[in-house]
1. Among the numbered conditions (1) touching an Asp or Glu at 6+ places or on another chain (Cβ under 6 Å); (2) at pLDDT below 95; (3) exposed (fewer than 10 other Cβ atoms within 10 Å of the Cβ), tell me where residue 76 comes up short.
2. Regarding residue 39, is this residue loosely packed, with under 15 Cβ neighbours inside 10 Å and among the β-branched types (Val, Ile, Thr)?
3. Tell me whether segment 94-110 contains one or more residues that are among the aliphatic types (A, V, I, L, M), more than 18 Å from residue 68 (Cβ to Cβ) and surrounded by 11 or more Cβ atoms within 10 Å (Cβ to Cβ).
4. Any idea how many residues of segment 78-108 are among the hydrophobic types (A, V, I, L, M, F, W, C), in a strand (DSSP E or B) and farther than 14 Å from residue 24 by Cβ?
5. If I ask for residues that are closer than 20 Å to residue 95 by Cα and outside any strand (DSSP E or B), which ones from segment 60-77 would you list?
Amino acid sequence: MHLQDRAVKVFLISGVLTLAGCAYRLPVAAPPSHGLIRIVANAPEQYSVQVNTGTVKQYEVPHDGRIAVEIPGYRPSCGVYLFNAIKVAGDRDPLKSWIVSVTRNGKTIRKQSLRVTEKSQTDEAGYHIVRIGQ
């Protein structure tokens, strides 16, 4: 009987030690896409939009204020989880460091991350609204 108790204890301890490690989760890669942005201003055609994702691309804003910007493919960093449940590291999101700048006559009017832009409200066509005060 004493031998069985010892075997059960060893089994339980080994099970706990197996679960006590860290797990790494690799997020799915995001393919290249387009972000839809709508500049809302009195005269949106007077503005231009620059998107910096490591390379800067400039877009002229048309009269309706709607543009489609290129978003390159990316992969967020691995997440490190304690007990496969508690996130302890790996929160690098490229969209937080990629910048959308709205300029007029060479002067920057608005500057925000692509992640903030993607979280803004959308219009009926799915364009993320960036309001510019006059």
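1. (3)
2. Considered against the rule, which asks whether it is loosely packed, with under 15 Cβ neighbours inside 10 Å and among the β-branched types (Val, Ile, Thr), residue 39 comes out as no.
3. From segment 94-110, those among the aliphatic types (A, V, I, L, M) are 95, 99-100, 102, 109; that's our starting set.
Those left that are additionally more than 18 Å from residue 68 (Cβ to Cβ): 109.
Then keep just the ones that are surrounded by 11 or more Cβ atoms within 10 Å (Cβ to Cβ); that gives 109.
Yes, because at least one residue in segment 94-110 is among the aliphatic types (A, V, I, L, M), more than 18 Å from residue 68 (Cβ to Cβ) and surrounded by 11 or more Cβ atoms within 10 Å (Cβ to Cβ).
4. Pass one, segment 78-108, residues among the hydrophobic types (A, V, I, L, M, F, W, C): 78, 80, 82-83, 85-86, 88-89, 95, 98-100, 102.
If we keep only those that are in a strand (DSSP E or B) as well, we get 80, 82, 86, 88-89, 99-100, 102.
When the remaining residues are screened for being farther than 14 Å from residue 24 by Cβ, the result is 99-100, 102.
Of the residues in that region, 3 qualify.
5. Once the filter is applied, which keeps residues that are closer than 20 Å to residue 95 by Cα and outside any strand (DSSP E or B), segment 60-77 yields 72, 73, 75, 76, 77.
A quick yes/no check of all residues on (1) out of contact with any strand residue (DSSP E or B) (no Cβ under 9 Å at 6 or more places or on another chain); (2) modelled with pLDDT of 90 or more; (3) assigned to a loop (DSSP other than H, G, I, E, B):
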residue	(1), (2), (3)
6	yes, no, no
10	yes, no, no
16	yes, no, no
36	no, yes, no
39	no, yes, no
42	yes, yes, yes
45	no, yes, no
51	no, yes, no
58	no, yes, no
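The values are calculated or read from the model by the stated rules, or taken from the named source; none is laboratory data. The structure displayed is predicted, hence computed values, not measured ones. Neighbour counts run over all protein chains shown; Cβ positions are idealised from the backbone, glycine included.
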